[in-house]
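To start, the structure itself, in structure tokens.
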Amino acid sequence: MEFYHVLNRGVDKRNIFLDSQDYARFVHDMYEFNTLAPALHVGRHASNMVDIVSRPSEAPGKELVDIHGWCLMGNHYHLILSERIENGMSNFLRKLNVGYAKYFNKRYSRVGTLFQGRTKKVHICTDQHLLHILNYVHFNPLDLSNSNKDWRELKIADQNTALNHLLEYKWSSYKDYIGIKNFPSILTTTFFQEIFSQNYKAQVEKYLHDISIDDIQHLTLE
């Protein structure tokens, strides 16, 4: 199985998520577009979802990719993907970016490119990178934490505050990994849960205590 860390951001670093409806719509699109079948109901506004339930039923088991982790920030997104079929990742990302951009431009009466260019993809090809990448993606919301925003410089001022911040942040796969149902239908947790012996929360606590991402800094796409 080949894993990729995927990132794209708004053109000129503009925000691509302006409110909770935009975040929810992108989550909806990650589910809706992860199929060989044409997407249905793509014009609806997904605003108060607990989970996603609207993929075309005529194409069960025809997913393009497995989504192993994700995080949405104001002006960019992170995904950890592996392909289920040949060219599945390229097809999924094309549908996701184009579909969300059409929604965004229609909602905000704008025209033109929403994303800054081709989606960046890094092949995760070492065990060290694989062990770090899920935490790295999940820790992105710490950028919004006043006390722990320097986590990229290996500084965690308050571990408990950091954990609470991650727990309160809705727009990532972190909650699903620690057993709190958020958006489980879009996510494949089996691989990383096996790596972390089904106790991801304890692993995160240890990681925050001994945080060290310097060895993979050049691979993080930021």
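The values are calculated or read from the model by the stated rules, or taken from the named source; none is laboratory data. Keep in mind the model is a prediction, meaning the values are calculated, not measured. Note that each Cβ is placed from the backbone with ideal geometry, even for glycine, and that neighbours are counted across all protein chains shown.
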Inset, instruction - Report yes if Lys95 is modelled with pLDDT of 85 or more, on the phi > 0 side of the Ramachandran plot and assigned by TED's automatic domain parsing to the domain that holds Phe115, otherwise no. - result: no
Legend entry - Flag for Asn140 being surrounded by fewer than 18 Cβ atoms within 10 Å (Cβ to Cβ) and either closer than 28 Å to Gln116 by Cβ or modelled with pLDDT of 80 or more (or both): no
Inset, instruction - All but one of (1) modelled with pLDDT under 95; (2) closer than 17 Å to Leu7 by Cβ hold for Ser82, so report the exception by its number. - result: (1)
Inset, instruction - State whether the residues of segment 99-121 include one that is in contact with an Asp or Glu (Cβ under 6 Å, 6 or more places away or on another chain) and assigned by TED's automatic domain parsing to the domain that holds Asp29. - result: yes
Legend entry - Checklist (1) over 24 Å from Glu83 (Cα atoms); (2) assigned to a helix (DSSP H, G or I); (3) of a type outside the set (Val, Ile, Thr); (4) under 20 Å from the mean Cα position of the chain (by Cα) applied to Asn160, failing item: (4)
Inset, instruction - Output the number of the condition that Gln159 fails; it satisfies all remaining conditions of (1) closer than 24 Å to Phe3 by Cα; (2) of a type in the set (S, T, N, Q); (3) touching a residue at least 24 places away in the same chain (Cβ under 8 Å). - result: (1)
Legend entry - Check on Leu93, surrounded by 15 or more Cβ atoms within 10 Å (Cβ to Cβ) and either without any contact (Cβ under 8 Å) to a residue 60 or more places away in the chain or small (Gly, Ala, Ser) (or both): no
Inset, instruction - Using the structure shown, decide if Asn97 is within 18 Å of Tyr23 (Cα to Cα) and under 18 Å from the mean Cα position of the chain (by Cα). - result: yes
Inset, instruction - Kindly establish whether Arg55 is assigned by TED's automatic domain parsing to the domain that holds Asn105, modelled with pLDDT of 95 or more and of a type in the set (Lys, Arg). - result: no
Legend entry - Where a residue in segment 126-150 is closer than 15 Å to Phe192 by Cβ and assigned by TED's automatic domain parsing to the domain that holds Val204 and its partner, wherever it lies, is among the polar types (S, T, N, Q) and part of a helix (DSSP H, G or I), with Cβ under 9 Å and at least six apart: Asn135/Gln203
Legend entry - Residues of segment 166-181 satisfying the condition of being surrounded by fewer than 19 Cβ atoms within 10 Å (Cβ to Cβ) and either over 27 Å from Leu64 (Cβ atoms) or not basic (Lys, Arg) (or both): Leu167, Glu168, Ile178, Gly179, Ile180
Inset, instruction - Evaluate the following for Leu208: is it assigned to a helix (DSSP H, G or I), modelled with pLDDT under 85 and over 18 Å from Met30 (Cα atoms)? - result: yes
Legend entry - Residues satisfying the stated conditions in segment 125-144, i.e. over 23 Å from Trp171 (Cα atoms) and in contact with a strand residue (DSSP E or B) (Cβ under 6 Å, 6 or more places away or on another chain): none
